[in-house]
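Trainee: Before I ask anything, let me first share the structure, which is written out below as structure tokens.
Every number here is computed from the coordinates shown, using simple stated rules; none is lab data. None of the values given here were measured: they were computed from a predicted structure. Glycine gets a Cβ as well: all are built from the backbone with ideal geometry, and neighbour counts include every protein chain shown.
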Amino acid sequence: MKLLEGITILEFSQFMAGPSAGLKLADLGARVIKIERPVQGEGCRQIALKNLFLDGSSLVFHTVNRDKESYAANLKDPEDLERIKKLIARADVMTHNFRPGVMEKIGLDYNTVQQINAKLIYATVTGYGTTGPWAKKPGQDLLIQCMSGLANLTGNKDDNPIPVGVAVSDLITGTHLVQGIIASLIRKEKTGKGALVEVSLLESTLDFQFEVITTYLNDGNKQPVRAKQGAAHAYLGTPYGIYKTKDGYLSLAMGDLSKLGQVLQCEPLAEYSNPESWFTERDAIMDILRSFLIKETTSHWLEILEQKGIWCSDVYDYKTLLNHNAYKVLQWDQKLSLLSGEEVHTTRCPIRINDKRIFASKPAPRVGQHTEDIVKEFNL
């Protein structure tokens with residue numbers, strides 16, 4: 001029996017943040033029923049990376065919606081809405097990421113739904129919260145990265161703002177939504193009470209930066225400054241960063257610069273014996289390391305550094321990583337067969353329970369694939 005078996009979740013959420021939360025809950029055994037528009041389904045079905053589609057929906061949709069069911073309903077149709085309310089009466093959780101005011105207009109806002117099912121956990125994702133000057137702005141990952149300050153932490157000193165190359169705001173927000181839902185389920189088990197769980201992309205992305213924002217708040221509000229080249233963290237001193245070698249790249253994490261200089265036999269580093277200089281003279285020190293490390297291969301440096309306990313690594317691309325034994329031993333990917341006969345090759349849940357990996361039992365659904373079965377099961 002999976003941990004969340006017996007928990008029913010109605011997912012009104014679209015795109016990435018809310019559905020990524022539903023994916024993790026489904027991985028852990030919850031029954032997740034997507035409530036989608038008839039025919040078109042939810043918006044993510046048509047948002048593709050590299051224009052990749054399978055069985056009429058984007059590869060992205062298949063990635064984030066495996067192990068879910070699809071119930072098609074027009075929320076503006078009174079009969080469909082009445083059936084949805086019957087489902088809500090039997091559910092444990094519902095999630096949505098509509099803009100503030102939309103669910104109130106439909107008649108599925110928290111206060112109304114409480115009258116239908118007082119024990120329900122009502123979980124919402126917004127872009128910027130429900131009040132304030134940004135409340136109705138589009139809550140989209142790139143926009144959030146830029147407005148939260150995150151885009152000014154990546155890259156080199158003179159670079160323009162650079163966003164992270166994955167939907168980090170969406171995914172961290174989905175993680176926070178899962179945490180709020182599971183905490184509420186535990187409380188519900190003890191008290192029988194439901195809850196309103198609210199997360200926003202902006203707040204989750206700010207929380208993602210808690211260490212650097214806290215530094216800013218306690219350092220006289222001085223703006224973070226990235227290193228001249230190879231920056232990995234605006235507030236960490238050398239050797240922290242990425243360096244080019246003779247045949248690739250080498251990453252060096254935080255550590256004792258004096259020890260590093262001795263292990264490398266790099267005499268110019270001895271000039272910087274004061275640990276305070278490892279940050280204040282960061283660019284000059286990194287220049288020394290760059291000119292020194294470029295002389296030999298990555299494997300040469302790794303052999304020397306790893307033996308002495310220096311925190312370092314190669315810098316892999318996907319081709320190298322996915323063919324490495326360290327990746328293969330994780331059994332990280334899985335293949336799921338679609339109704340069309342096509343196959344989606346994707347990743348698995350990162351959580352292990354009692355030393356067992358969690359793999360999906362079924363692929364993402366077609367729009368309304370389970371509507372008739374759900375109507376019969378719940379007597380809608």
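Trainee: Which one, Gln369, Gln262, Gln140, has the greatest fluctuation when you compute a Gaussian network model over the chain with C-alpha springs under 10 angstrom?
Mentor: Of Gln369, Gln262, Gln140, the most mobile in the Gaussian network model is Gln262.
Trainee: The range 272-338: percent of C-alpha pairs farther apart than 20 Å?
Mentor: On the way: 1223 of 2211 pairs.
Pairs farther apart than 20 Å: 55 percent.
Trainee: Output wanted: per-residue J couplings in Hz (rounded whole) for the range 4-16, from phi through Karplus 6.51 cos²θ - 1.76 cosθ + 1.60, θ = phi - 60°, x for Gly and Pro.
Mentor: 9, 4, x, 8, 10, 10, 9, 9, 8, 5, 10, 6, 10
Trainee: Separate question: Using each residue's phi in the range 135-141, evaluate 6.51 cos²θ - 1.76 cosθ + 1.60 at θ = phi - 60° and report the 3J(HN,Hα) Karplus result to the nearest Hz, with x for Gly and Pro.
Mentor: Along the range 135-141, the couplings run 3, 9, 6, x, x, 10, 3 Hz.
Trainee: Turning to a different aspect of this structure: Please compute the contact order of the range 1-127 in relative form: average sequence separation of alpha-carbon pairs under 8 Å and at least six residues apart, divided by the residue count, as a percent. Don't jump to the answer; show the numbers that get you there.
Mentor: Numbers: 207 pairs, mean separation 35.4, N = 127.
Dividing the mean separation by the residue count of the range 1-127 yields 28 percent.
Trainee: With contacts defined as alpha carbon pairs under 8 Å and 6 or more residues apart, what's the relative contact order of the range 122-183 in percent?
Mentor: 28 percent
Trainee: Check which residues have an amide H placed less than 5 Å from Ala30's amide H, if you skip close sequence neighbours.
Mentor: Sorted by chain and number, the residues that satisfy this are Leu4.
Trainee: Say we join alpha carbon atoms closer than 10 Å with springs in a Gaussian network model of the chain; which of Lys193, Lys34, Lys295 then has the biggest fluctuation?
Mentor: Among Lys193, Lys34, Lys295, the largest GNM mean-square fluctuation belongs to Lys295.
Trainee: Quick one: which residues, 5 or more positions from Glu36 or on another chain, have an amide H under 5 Å from its amide H? H modelled 1.01 Å from N in the peptide plane, none for Pro or chain starts.
Mentor: When sequence neighbours closer than 5 places are left aside, the close amide H contacts are Tyr71, Ala72, Ala73.
Trainee: Another question, if that's okay. Which order results if Ser361, Ser204 are arranged by neighbouring Cβ count within 10 Å, fewest first? Walk me through the intermediate numbers first.
Mentor: On the way: Ser361 10, Ser204 23.
Ascending number of Cβ neighbours within 10 Å: Ser361, Ser204.
Trainee: Report the Cα centroid-to-centroid distance between the range 102-126 and the range 317-380 in angstrom, as an integer.
Mentor: 30 Å
Trainee: Work out from phi, with θ = phi - 60° and the Karplus expression 6.51 cos²θ - 1.76 cosθ + 1.60, the ³J(HN,Hα) of each residue of the range 30-40, listed in order in whole Hz, and give x for Gly and Pro.
Mentor: So the Karplus estimates, Gly and Pro as x, are 5, 8, 10, 10, 6, 9, 10, 5, x, 6, 6 Hz.
Trainee: Using a Förster distance of 30 angstrom, determine the FRET efficiency expected from the C-beta separation of Gln46 and Lys137, and round it to 0.05. Show your work: numbers first, answer last.
Mentor: Values: r = 22 Å, r/R0 = 0.74.
Taking R0 as 30 Å, the efficiency between Gln46 and Lys137 is 0.85.
Trainee: Return the label of the correct value of Cα extents along the principal axes in Å, as calculated from the structure shown, out of (1) 67, 44, 44; (2) 78, 49, 42; (3) 70, 49, 34.
Mentor: (2)
Trainee: Please work out the FRET efficiency for the pair Ser361 and Asp219, using the Cβ-Cβ distance as r and a Förster radius of 51 Å; give the result to the nearest 0.05.
Mentor: Numbers: r = 50 Å, r/R0 = 0.98.
E(calc), rounded to 0.05, equals 0.55.
Trainee: Still on this model: State the three equivalent ellipsoid semi-axes of the range 37-115, derived from the C-alpha gyration tensor as the square roots of 5 times its eigenvalues, in descending order and whole Å. Walk me through the numbers on the way to the answer.
Mentor: Working: eigenvalues 147, 35, 32 Å².
Semi-axis lengths for the range 37-115 are 27, 13, 13 Å.
Trainee: Further, regarding this structure: Distance in nm between label sites at Asn325 and Ser313, each 7 Å beyond Cα in the beta-carbon direction?
Mentor: Taking the two extended label points, one gets 1.9 nm.
Trainee: Express in nm, to one decimal, how much length is gained between Thr130 and Glu189 on full extension, taking 0.36 nm for each residue of separation and deducting their alpha carbon distance. Mind showing how you got there, number by number?
Mentor: Values: separation 59, 0.36 × 59 = 21.24 nm, distance 2.83 nm.
Between Thr130 and Glu189, full extension yields 18.4 nm more.
Trainee: How much length is gained on full extension from Leu302 to Ala284, taking 0.36 nm per residue of separation minus their Cα-Cα distance? Please list the in-between numbers first.
Mentor: On the way: separation 18, 0.36 × 18 = 6.48 nm, distance 2.29 nm.
In short, 4.2 nm is gained.
Trainee: Relative contact order, percent, of the chain when contacts are C-alpha pairs under 8 Å separated by at least 6 residues? Numbers along the way, then the final one.
Mentor: Working: 656 pairs, mean separation 69.8, N = 380.
RCO, the chain: 18 percent.
Trainee: Between Glu372 and Asp159, what is the FRET efficiency for a Förster distance of 56 Å, r being their Cβ-Cβ separation, to the nearest 0.05?
Mentor: Working: r = 54 Å, r/R0 = 0.96.
Calculated transfer efficiency: 0.55.
Trainee: Taking amide H positions as placed in the peptide plane 1.01 Å from N, state which residues far from Thr154 in sequence (5 or more) or on other chains have amide H under 5 Å from it.
Mentor: Amide H neighbours of Thr154: Ile162.
Trainee: Would you mind pulling out the separation of the Cα centroids of the range 167-230 and the range 272-312, in Å?
Mentor: 33 Å
Trainee: Report, in deg cm²/dmol and to the nearest 500, the calculated mean residue ellipticity at 222 nm for the chain, where each DSSP H run with n ≥ 4 adds -39500 (n - 2.57) and the sum is divided by the residue count. Provide the component values of the computation, followed by the final result.
Mentor: Values: 16 runs with 139 residues, N = 380.
Mean residue ellipticity, 222 nm, calculated: -10000 deg cm²/dmol.
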